[in-house]
Every structure is written in C-alpha cells, then in structure tokens.
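Student: This structure is in structure tokens; I'll ask about it shortly.
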C-alpha cells in the first residue's frame with residue numbers, strides 16, 4: 001500500500017473520530033515526512049471548515065465528528081497553535097510529571113493528537129491567510145492522460161443565487177481557471193465545456209476544471225448532460241471517476257467523500273479512483289434508472305440506493321437574469337429599458353413598455369424617516385414616483401411586520417395596516433415562473449441579499465397566503481445589478497401614516513453621497529396560492545422587520561402573459 005493510500009485510510013478514520021493511538025502516531029509520522037500529504041490534509045480540512053459555515057443540516061450519514069471539530073476551532077489560530085505546541089512540549093518534557101489521575105497511555109495519545117492537530121492548524125493557517133491566496137490559487141498538478149494545463153475555455157454561462165467564498169461572482173460567460181479550486185457556498189452555476197458537455201453545480205460545493213472534458217467535484221452535487229459528440233466526459237470525485245457514455249446523470253459527493261451516482265438517461269461507467277493508475281480497474285456500468293453509492297474506506301464498496309429522478313436538474317430555476325437601463329450624465333443607471341428573465345425554462349427579454357405599471361393605493365409607516373426618493377424636487381403627486389420607469393424614484397420605507405399577514409390588510413383609517421398597497425393598471429395573469437418584477441434600492445451597508453419583505457393578497461380567501469422574499473434574484477454581489485445614478489431622499493419629521501399625510505407633510509431633500517445599486521427579484525403569484533391562469537388586480541407589501549433596514553421599492557411591474 002502506498003503512502004497516499006494509507007493516508008486516505010487514516011484520514012477517513014480521523015475525520016470520523018475512529019483513529020486509535022497507533023493510528024494517530026502513524027498519521028503524524030506520514031504528515032511530518034511528506035509536505036504534499038500535509039498540504040492535502042490542510043486543503044481537505046479547510047474544505048470541511050468552509051462548508052461547515054453554511055451547512056445547517058448535514059445528512060445523518062455525513063460525519064458529525066467534523067462538525068464538532070469545526071465548531072471547536074477558535075478564531076485566533078496563531079494563539080491556539082502556540083498553546084498546543086507549548087502543551088506538547090510540556091507533555092514531552094520528562095521533568096514534568098503527569099497528574100496521577102491520568103494514565104500513561106492516555107498521556108501519550110494526547111501528545112500525539114495535539115501534535116497532529118497543531119500540524120494541521122499550521123498548514124490551514126498558512127493556506128487561509130496567505131495574501132490573496134484564495135483568489136489566485138491554482139493547483140500545481142502534473143497533466144494526466146495527455147491533458148494540458150493551458151486554458152481550456154470552460155465557461156460559467158448562468159448562475160442562480162450563487163455565492164463563492166471570498167470573492168465576488170464572476171461575470172456570465174467568464175472562463176474558469178484550470179485546476180483552481182472554486183468554493184460555491186450556496187446557489188447554482190451552470191458550466192459549459194468546449195467538447196459540448198454541461199454541468200449544473202449546486203452549492204455548497206468545491207469543484208475545479210481539469211480539462212475541456214473533465215470536472216473534479218470534491219464536495220457537492222452536479223447534474224451532467226453530455227449530448228452526442230461529448231461522450232467520454234468525466235466527473236472525478238475523491239473515490240470515483242464517472243465516465244459518460246452518452247447520458248444524463250447526477251453525482252453527489254458527501255463530506256465523507258461517499259459518492260452517489262444516478263443515471264437518468266443512457267449509461268455511465270464508474271471506476272475506483274484509487275486504481276486509475278494501477279490497472280486492471282474494472283468499471284461498474286450504470287444504466288437508465290440505476291443508482292449506487294460508492295465509498296472507499298478499507299475497501300472500495302458500491303451499494304445500490306433508491307433511484308431518485310428529481311435529483312437531476314435540467315436547468316436553473318426561473319429568475320430575473322439581468323436588466324438594461326438608460327445611463328445618466330454621471331454614468332449611473334436611471335430609467336428601466338428592459339428585463340431579461342427566465343420563465344418556464346425560457347429566457348426572454350421583455351421591454352419596459354410591455355410591463356404593466358402600478359399605482360400606490362395605500363401607505364403607512366410607523367416612524368419618521370425618508371419616504372420618497374428621486375430628484376431634488378418632487379412632483380405634485382408624490383406617489384406617482386413609483387409609477388414611472390426610473391429606478392431612483394419611488395415610495396420607500398413602508399411599515400412592516402415580523403409576521404406576514406393571514407387576513408385582509410386594512411388600507412385606511414387609524415387601524416390601517418403598516419405597509420404599501422399597489423394596484424396594476426390592468427390585471428396580471430398568473431403564469432409559469434415570475435409574474436411580477438420588483439426593484440429595490442440598496443447600498444453596501446445594507447443586507448447584500450436585499451431587504452426582506454412580505455407580499456400578500458389584497459383580499460384573502462381559502463388557499464391564498466402571504467409569501468416572504470429574503471434573497472433577491474439580483475443581489476449586491478450580482479454582476480448584473482447596476483450602479484445607480486445619484487438621487488435625493490426626502491425626509492419627513494413625523495410618520496406618514498396614510499396617503500394623505502404622505503402627500504401633504506413637509507419634507508426636506510437630502511442628497512445621497514454613497515453609491516446605491518438596483519436589486520431585482522421576480523414574484524411568482526403561485527407562491528401566494530393563486531391558480532394558474534388566475535388574474536390579480538393588486539398586492540400588499542410589508543417590510544419583514546428582520547433588521548433596522550426597510551425595503552425601498554422603486555419599480556413594480558406586472559409581466560405579460562407567456563406567448
């Protein structure tokens with residue numbers, strides 16, 4: 001057995017909390033003697049730690065030991081390493097007697113474990129905090145099977161709610177760096193390979209491009225489509241190599257490196273990754289409707305699992321993809337021109353002329369503040385600022401509620417419900433995907449995912465409900481969210497608790513000197529319980545009151561029916 005194979009066994013046992021005294025000593029010896037293994041251990045441990053920041057629920061078969069270790073890691077790694085090494089030195093010092101209550105073999109085990117952990121933390125600290133290391137890291141690996149390390153032109157062609165660790169989102173159609181680790185914290189990305197294959201990767205995941213015909217997936221899930229001409233595309237995981245034979249399939253890699261493969265169409269061959277360089281290496285062929293889980297502990301194992309066709313993603317979710325605007329004199333975005341949106345799996349660009357305008361019919365806030373935004377002077381009819389095409393004018397900061405509505409909002413009088421009511425100029429039909437577009441002002445000191453809000457029917461009935469949006473389609477991190485032109489907010493010294501007070505109270509303009517961006521999200525009327533084909537005349541919006549920031553609607557429009 002090679003050092004690498006022995007390390008894989010010891011490391012798996014270590015992560016699962018099953019490594020005994022002799023195993024710890026052996027692992028420490030391997031890491032001390034081989035810098036490459038030490039770096040590999042650091043990379044693998046760092047991956048577990050990064051993903052632990054975002055995974056709230058780990059399936060029972062994934063290892064609880066990793067989560068416990070990560071939760072115990074202190075913020076100050078340097079002081080921790082120093083204290084561990086000092087402890088190791090004390091326990092190795094023959095002049096320092098062990099307490100009588102501690103047995104000698106337990107002291108030796110503790111010494112070995114502390115030293116091993118110290119080595120890991122030192123490596124992790126170097127890997128994590130090396131200046132700019134995360135953004136530019138490219139694994140220095142030798143080419144395999146005739147592959148070259150030149151740029152292969154593998155591109156990210158679309159994203160949905162994606163977040164990468166330590167970096168902003170790459171622009172759509174940008175080329176991914178070969179052999180570089182990408183840590184997708186959440187959301188999904190679609191990656192297209194020059195040979196014709198495509199993969200939808202779901203976060204949390206760690207992946208990298210190996211060539212124009214191969215993808216490495218260390219943790220996470222991907223759905224692969226390899227059409228005619230792309231046969232032979234492969235996905236490499238820590239324990240398997242999955243080779244396409246003209247198919248659609250999914251690969252899911254757990255934190256323990258267990259790999260699930262499900263074939264939706266066609267066939268795929270699965271190989272033991274540890275024997276790729278040591279033939280013979282017989283494949284396990286999976287065909288339509290077959291699924292297996294692969295693991296490589298003390299021996300390579302392949303167990304049948306229930307087939308789940310819903311695990312495969314044929315496309316990214318319906319969402320707003322981008323928008324176009326006019327450009328103001330300062331270069332910032334101003335008036336909406338069109339919205340590009342995916343509805344029912346189809347991407348269409350919709351001119352603003354085809355969007356159904358809205359008008360404000362009720363407004364109530366519960367504290368003083370800014371309720372209007374736009375130019376230095378405001379129009380005679382103030383609420384008209386939400387009905388134009390500008391992304392820097394609107395009726396902003398409506399009141400809200402922590403709990404969404406479950407009955408009709410009260411739109412007038414002293415008992416009026418805090419929030420904002422709108423009516424469409426003509427009824428909006430509930431179709432596939434989003435039916436309404438919602439734009440919000442946001443700056444970098446505000447929640448990056450957008451201000452959370454509730455959207456409710458104006459009139460409830462059986463089957464209707466409120467819907468809460470907490471993450472926008474285009475967030476502060478989205479390359480397609482535009483920087484807006486400068487604007488003013490108009491401050492009110494007392495609460496605007498009705499449309500009448502909003503129109504009549506004195507207010508003072510304040511110029512915004514910091515940059516804002518235009519965020520956007522689509523609202524699917526089906527999420528409120530409306531039936532397909534049902535028409536809706538208006539909606540009620542409330543801030544979710546989840547922080548000190550309030551939602552700032554600057555444009556709300558109904559989408560046309562799908563043709």
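The values are calculated or read from the model by the stated rules, or taken from the named source; none is laboratory data. Treat the numbers as computed from the prediction; the structure is a model and nothing was measured. Neighbour counts are summed over all protein chains in view; Cβ atoms, including those assigned to glycine, are modelled from backbone coordinates with ideal geometry.
Okay, residues lined up against (1) crowded, with 23+ Cβ neighbours inside 10 Å; (2) not in a strand (DSSP E or B):
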residue: 190; (1), (2): no, no
residue: 200; (1), (2): no, no
residue: 210; (1), (2): yes, no
residue: 228; (1), (2): no, yes
residue: 246; (1), (2): no, yes
residue: 251; (1), (2): yes, no
residue: 268; (1), (2): yes, no
residue: 282; (1), (2): no, yes
residue: 289; (1), (2): no, yes
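Student: Right, here's the next one. Looking at 282, 272 in this structure, which one is without any contact (Cβ under 8 Å) to a residue 24 or more places away in the chain, more than 29 Å from the chain's Cα centre (by Cα) and over 22 Å from residue 314 (Cα atoms)?
Tutor: 282
Student: Return only the number of the condition from (1) in contact with a strand residue (DSSP E or B) (Cβ under 6 Å, 6 or more places away or on another chain); (2) over 18 Å from residue 521 (Cβ atoms); (3) buried (at least 21 other Cβ atoms within 10 Å of the Cβ) that residue 364 does not satisfy.
Tutor: Of (1) in contact with a strand residue (DSSP E or B) (Cβ under 6 Å, 6 or more places away or on another chain); (2) over 18 Å from residue 521 (Cβ atoms); (3) buried (at least 21 other Cβ atoms within 10 Å of the Cβ), only one is false for residue 364: (1).
Student: Could you tell me whether any residue of region 530-540 is assigned by TED's automatic domain parsing to the domain that holds residue 378, part of a strand (DSSP E or B), free of Cβ contacts under 8 Å to residues at least 60 places away in the same chain and surrounded by fewer than 21 Cβ atoms within 10 Å (Cβ to Cβ)?
Tutor: Just the residues of region 530-540 that are assigned by TED's automatic domain parsing to the domain that holds residue 378, to begin with: 530-540.
Next, only the ones that are part of a strand (DSSP E or B) stay: 535-540.
With the extra rule that they be free of Cβ contacts under 8 Å to residues at least 60 places away in the same chain, the set shrinks to none.
Within region 530-540, none of the residues are assigned by TED's automatic domain parsing to the domain that holds residue 378, part of a strand (DSSP E or B), free of Cβ contacts under 8 Å to residues at least 60 places away in the same chain and surrounded by fewer than 21 Cβ atoms within 10 Å (Cβ to Cβ).
Student: Against the definition (at positive phi and more than 16 Å from the chain's Cα centre (by Cα)), how does residue 232 come out, yes or no? Outline the logic, then answer.
Tutor: Working: at positive phi: yes; more than 16 Å from the chain's Cα centre (by Cα): yes.
Criteria met by residue 232.
Student: Give region 340-366 a look and list any residue that's over 31 Å from the mean Cα position of the chain (by Cα), under 18 Å from residue 553 (Cβ atoms) and not in a strand (DSSP E or B), or say none.
Tutor: Of everything in region 340-366, those that are over 31 Å from the mean Cα position of the chain (by Cα), under 18 Å from residue 553 (Cβ atoms) and not in a strand (DSSP E or B) turn out to be 357, 365, 366.
Student: Tell me whether region 221-228 contains one or more residues that are at pLDDT 95 or above, under 25 Å from residue 298 (Cα atoms) and assigned by TED's automatic domain parsing to the domain that holds residue 291.
Tutor: Looking for residues that are at pLDDT 95 or above, under 25 Å from residue 298 (Cα atoms) and assigned by TED's automatic domain parsing to the domain that holds residue 291, one finds at least one in region 221-228, hence yes.
Student: Moving on to the next point. Taking the residues in region 500-517 that are out of contact with any helix residue (DSSP H, G or I) (no Cβ under 8 Å at 6 or more places or on another chain) and farther than 23 Å from residue 330 by Cβ as candidates, determine which candidate is surrounded by the fewest Cβ atoms within 10 Å (Cβ to Cβ). Can you show your working first?
Tutor: Kept after step one, since they are out of contact with any helix residue (DSSP H, G or I) (no Cβ under 8 Å at 6 or more places or on another chain), are these residues of region 500-517: 500-501, 504-517.
Right, trim to farther than 23 Å from residue 330 by Cβ and you get 500-501, 504-507.
Details: 500: 11, 501: 16, 504: 11, 505: 17, 506: 9, 507: 18.
Among those that are out of contact with any helix residue (DSSP H, G or I) (no Cβ under 8 Å at 6 or more places or on another chain) and farther than 23 Å from residue 330 by Cβ, it is 506.
The rows are residues; the columns are (1) in the same structural domain as residue 501 (by TED's automatic domain parsing); (2) free of Cβ contacts under 8 Å to residues at least 40 places away in the same chain.
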site: 294; (1), (2): no, no
site: 301; (1), (2): no, yes
site: 335; (1), (2): yes, no
site: 339; (1), (2): yes, no
site: 342; (1), (2): yes, no
site: 370; (1), (2): yes, no
site: 373; (1), (2): yes, no
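Student: Do we find a residue being part of a strand (DSSP E or B), under 27 Å from the mean Cα position of the chain (by Cα) and surrounded by fewer than 19 Cβ atoms within 10 Å (Cβ to Cβ) anywhere in region 297-309? Spell out how you get there, then give the answer.
Tutor: Filtering region 297-309 for residues part of a strand (DSSP E or B) gives 300-304.
Okay, now just the ones that are also under 27 Å from the mean Cα position of the chain (by Cα), so none.
No, the conditions are met nowhere in region 297-309.
Student: How many residues does region 367-378 hold that are part of a loop (DSSP other than H, G, I, E, B) and touching a helix residue (DSSP H, G or I) at 6+ places or on another chain (Cβ under 8 Å)? I'd like the intermediate steps shown before the answer.
Tutor: Looking only at region 367-378, we keep the residues that are part of a loop (DSSP other than H, G, I, E, B), and these are 367-368, 375-378.
Pick out the ones that are also touching a helix residue (DSSP H, G or I) at 6+ places or on another chain (Cβ under 8 Å) and you get 378.
Total meeting the criteria: 1.
Student: Quick test for you: out of 462, 527, pick the one residue that is surrounded by 14 or more Cβ atoms within 10 Å (Cβ to Cβ) and either in contact with a strand residue (DSSP E or B) (Cβ under 7 Å, 6 or more places away or on another chain) or modelled with pLDDT of 95 or more (or both). I'd like the intermediate steps shown before the answer.
Tutor: Values: 462 fails: surrounded by 14 or more Cβ atoms within 10 Å (Cβ to Cβ).
Going through 462, 527 in turn, the sole match is 527.
Condition check ((1) under 20 Å from residue 543 (Cβ atoms); (2) surrounded by fewer than 23 Cβ atoms within 10 Å (Cβ to Cβ)) across all residues:
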position: 346; (1), (2): no, yes
position: 350; (1), (2): no, yes
position: 375; (1), (2): no, yes
position: 378; (1), (2): no, yes
position: 391; (1), (2): yes, no
position: 395; (1), (2): yes, no
position: 404; (1), (2): yes, yes
position: 412; (1), (2): yes, yes
position: 418; (1), (2): yes, yes
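The rows are residues; the columns are (1) in a loop (DSSP other than H, G, I, E, B); (2) on the phi > 0 side of the Ramachandran plot; (3) without any contact (Cβ under 8 Å) to a residue 60 or more places away in the chain.
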position: 406; (1), (2), (3): yes, no, no
position: 426; (1), (2), (3): no, no, no
position: 448; (1), (2), (3): yes, no, yes
position: 454; (1), (2), (3): no, no, no
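Student: Can I ask one more? Against the condition surrounded by fewer than 20 Cβ atoms within 10 Å (Cβ to Cβ) and under 18 Å from residue 554 (Cβ atoms), how does residue 497 come out, does it pass? Quick ask: steps written out before the conclusion?
Tutor: Numbers: surrounded by fewer than 20 Cβ atoms within 10 Å (Cβ to Cβ): yes; under 18 Å from residue 554 (Cβ atoms): no.
No; evaluated as a whole, the condition is false for this residue.
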